[in-house]
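Shown next, in structure tokens, is the structure this report addresses.
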Amino acid sequence: MSRRGLLIIISGPSGSGKGTLVAKLLESEPNMVVSVSATTREPRPGEIEGKSYYFLSKDKFLELVKSGRMLEYAEYIGNYYGTPLEPVEAWLNEGKDVILEIEVQGALQVKEKMPKAVTIFVMPSSMDVVRQRLIGRGTEAAEVVKERLMKAEEELVFMDKYDYVVRKDELDEVVNEVKSIINKERHKNGEVQG
Ligand code: 5GP
């Protein structure tokens, strides 16, 4: 039997460094891919259709949900976000490890459907660091930053439901810890994952 890939779910507040973490993991792990989500939010400057997200209208998004083509979806500050099911299944069957970088409600939906998924919550040492990073990023209006910070506080409540919590400020340390979690999980059930 060939090895089924590992499904790795990474969540954490905006400004937790998730995006950079995922980029670093992909650089060093040739057998790993990241799922491209669908969203109804507006693209940010520099974001690319089909790479950053699939940017969809609300009608189109809900049509995909209705036809069962989303592994999970959630509403986050007035917009929908969801994971297209088919590519994830295909990659796992090919033996690739798949990363989902999604928020807490979606993460918990996936964990229920696929209990072998590994859930990791990343979070800097304090909300102050989150605030500074979000302001420093400069991609969102003050009002949006405020909403995202409130959302981050809400999400912390769900931290306990994750298999692992990585709480560090230095990105290199976050990357190393997540890598060692992934290695441990790969070996947990021998070579065969289901
Ligand atoms: P952003 O607007 O900053 O790109 O993403 C907002 C939040 O939505 C982040 O917490 C991000 O992880 C989450 N997110 C991105 N894609 C998905 C998805 O497919 N499903 C769910 N549930 N959350 C997602």
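The values are calculated or read from the model by the stated rules, or taken from the named source; none is laboratory data. Source: prediction; values computed, not measured. With ideal geometry, Cβ positions are generated from the backbone for all residues, glycine too; neighbour counts draw on all protein chains shown. The accessibility values were calculated without ligands, DNA or RNA, using every heavy atom of the protein model including side chains. Shrake-Rupley method; radii C 1.70, N 1.55, O 1.52, S 1.80 Å.
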Cross-chain or 6+ apart pairs with Cβ under 8 Å, the range 74-96 first and touching a residue at least 12 places away in the same chain (Cβ under 8 Å) and small (Gly, Ala, Ser), then more than 15 Å from the ligand (Cβ to nearest atom) and open to solvent by 30 Å² or more (accessible area, probe 1.4 Å) | Gly95/Ser2; Gly95/Arg3; Gly95/Arg4; Gly95/Asn31
If you take the residues of the range 27-53 that are in contact (Cβ under 8 Å) with a residue 60 or more places away in the chain and within 15 Å of Asn176 (Cα to Cα), which of them is surrounded by the most Cβ atoms within 10 Å (Cβ to Cβ)?
-> Glu29
Please find, within the range 1-14, the residue that is nearest to Glu173 (Cα to Cα) out of those that are surrounded by 12 or more Cβ atoms within 10 Å (Cβ to Cβ) and at pLDDT below 95.
-> Gly12
Among Val165, Val144, Val174, which is touching a strand residue (DSSP E or B) at 6+ places or on another chain (Cβ under 7 Å), surrounded by 13 or more Cβ atoms within 10 Å (Cβ to Cβ) and part of a helix (DSSP H, G or I)?
-> Val174
Taking only pairs six or more apart or across chains, which ones have beta-carbon atoms under 6 Å, a first residue in the range 1-14 that is polar (S, T, N, Q), and a second residue that is not in a loop (DSSP other than H, G, I, E, B)?
-> Ser11/Val104; Ser11/Ala107; Ser11/Phe121; Ser14/Leu134; Ser14/Arg148
Quick one: in the range 15-50, which of the residues that are at pLDDT below 95 and part of a helix (DSSP H, G or I) is nearest to the ligand (Cβ to nearest atom)?
-> Lys18
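Name every residue in the range 75-124 that is among the aliphatic types (A, V, I, L, M), in a loop (DSSP other than H, G, I, E, B) and in contact with a helix residue (DSSP H, G or I) (Cβ under 8 Å, 6 or more places away or on another chain), in order of residue number.
Narrowing the range 75-124 to residues among the aliphatic types (A, V, I, L, M): 77, 85, 88, 90, 92, 98-100, 102, 104, 107-108, 110, 114, 117-118, 120, 122-123.
Now restrict to residues that are in a loop (DSSP other than H, G, I, E, B): 77, 102, 114, 117, 123.
Residues satisfying the conditions are Ile77, Ile102, Ala117, Met123.
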Subset of the range 54-80 that is within 17 Å of Lys111 (Cα to Cα) and open to solvent by less than 40 Å² (accessible area, probe 1.4 Å) - its residue that is nearest to the ligand (Cβ to nearest atom) | Ala74
